[in-house]
1. Where residues in segment 69-94 are assigned to a helix (DSSP H, G or I) and touching a residue at least 60 places away in the same chain (Cβ under 8 Å), which of them is farthest from the ligand (Cβ to nearest atom)?
2. Could you list, ordered by first residue, the pairs with Cβ atoms under 6 Å in which the first is in segment 1-17 and buried (at least 21 other Cβ atoms within 10 Å of the Cβ) and the second is basic (Lys, Arg), at least 6 apart or interchain?
3. Which condition does ASP187 not pass, out of (1) free of Cβ contacts under 8 Å to residues at least 60 places away in the same chain; (2) over 19 Å from the mean Cα position of the chain (by Cα); (3) within 16 Å of the ligand (Cβ to nearest atom), if it passes all the others?
4. Would you be able to tell me the number of residues in segment 82-100 that are surrounded by 17 or more Cβ atoms within 10 Å (Cβ to Cβ) and out of contact with any Gly (no Cβ under 8 Å at 6 or more places or on another chain)?
5. Regarding GLY33, is this residue closer than 24 Å to VAL21 by Cβ, surrounded by 14 or more Cβ atoms within 10 Å (Cβ to Cβ) and in contact (Cβ under 8 Å) with a residue 12 or more places away in the chain?
6. Considering only segment 154-193, state which residues are part of a strand (DSSP E or B) and hydrophobic (A, V, I, L, M, F, W, C).
7. Report, by residue number, each residue of segment 19-68 that is among the aliphatic types (A, V, I, L, M), under 27 Å from ASP187 (Cβ atoms) and assigned to a helix (DSSP H, G or I).
8. Yes or no: segment 11-25 includes at least one residue that is within 10 Å of the ligand (Cβ to nearest atom) and in contact with a helix residue (DSSP H, G or I) (Cβ under 6 Å, 6 or more places away or on another chain).
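Just so you know, all these numbers are worked out from the coordinates, no wet-lab data involved. Nothing here was measured: the structure is a model prediction, and the numbers come from that model. Counting neighbours? That spans all protein chains shown, and the Cβs are built from the backbone with ideal geometry, glycine included.
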Amino acid sequence: MLNIVLFGAPGTGKGTQSGLVIEKYKLIHISTGDLLRDAIKNGTPLGKLAKFYIDNGQLVPDSIILKEVYHKAMTHNSAPGFVFDGFPRTIAQASTLDKMLEKKNVPINMVFYLEVDEEELYKRIMHRARMSGRTDDNEDTVRKRIKVYNEQTFPLLNYYKQQGKCIQIDGMHDIDAVFGQIQKHIDSYLELI
Ligand code: AMP
């Protein structure tokens, strides 16, 4: 089993790179952002709750996120592995995920940290706002999301570094070049196991 975490600030290209990774390595994509947007689109109770946090640029509470991830992972019980995209976003989420996977004896194998300059992040998100119509892609919310990222998610870098799993990826290049770096690391890892 191959379990990969992709993490980085909003706008670093996690969604795009996850799509390429799952296609090439036939893994299951778990994007908590997509799960929440689907719930909003379907008008479920989860969607109604999540919309409040998302539109305010805040994180949805850990307990809710963890329940959704557990549920999604369970529906793919015999998956060859997962790509976690936008999850975990807090230390509490990361340590619960570790415990969940420990029980199944299938740890996180690799963590890719996508690094992009803050100025470039704003440019990319504002461009995405025009294309995707995401309600949280506006200047006010983006500033909050980046602040929340720096305070609550960035500490994951050390968390995973301490586990010796963190691979830093220069996300300033184009999509193919970034994927090239990720692919190289996954292929070398697969050769070793
Ligand atoms: P994303 O598409 O990953 O940028 O997520 C969009 C929004 O969904 C975030 O700004 C959060 O409000 C919420 N969200 C997504 N994933 C998580 C998570 N793992 N923990 C808490 N909130 C999340």
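1. Step one: filter segment 69-94 for residues assigned to a helix (DSSP H, G or I), giving 69-74, 91-94.
Narrowing further to those that are touching a residue at least 60 places away in the same chain (Cβ under 8 Å): 91, 94.
Values: ILE91: 12, ALA94: 10 Å.
Among those that are assigned to a helix (DSSP H, G or I) and touching a residue at least 60 places away in the same chain (Cβ under 8 Å), it is ILE91.
2. LEU6/LYS14; GLY8/LYS14; PRO10/ARG145; GLY11/ARG124
3. All conditions are met except number (3).
4. So the count comes out to 11.
5. Details: closer than 24 Å to VAL21 by Cβ: yes; surrounded by 14 or more Cβ atoms within 10 Å (Cβ to Cβ): yes; in contact (Cβ under 8 Å) with a residue 12 or more places away in the chain: yes.
Answer is yes for this residue.
6. Initial filter on segment 154-193 (part of a strand (DSSP E or B)): 166-170.
Listed by number, the residues that qualify are CYS166, ILE167, ILE169.
7. LEU20, VAL21, ILE22
8. yes
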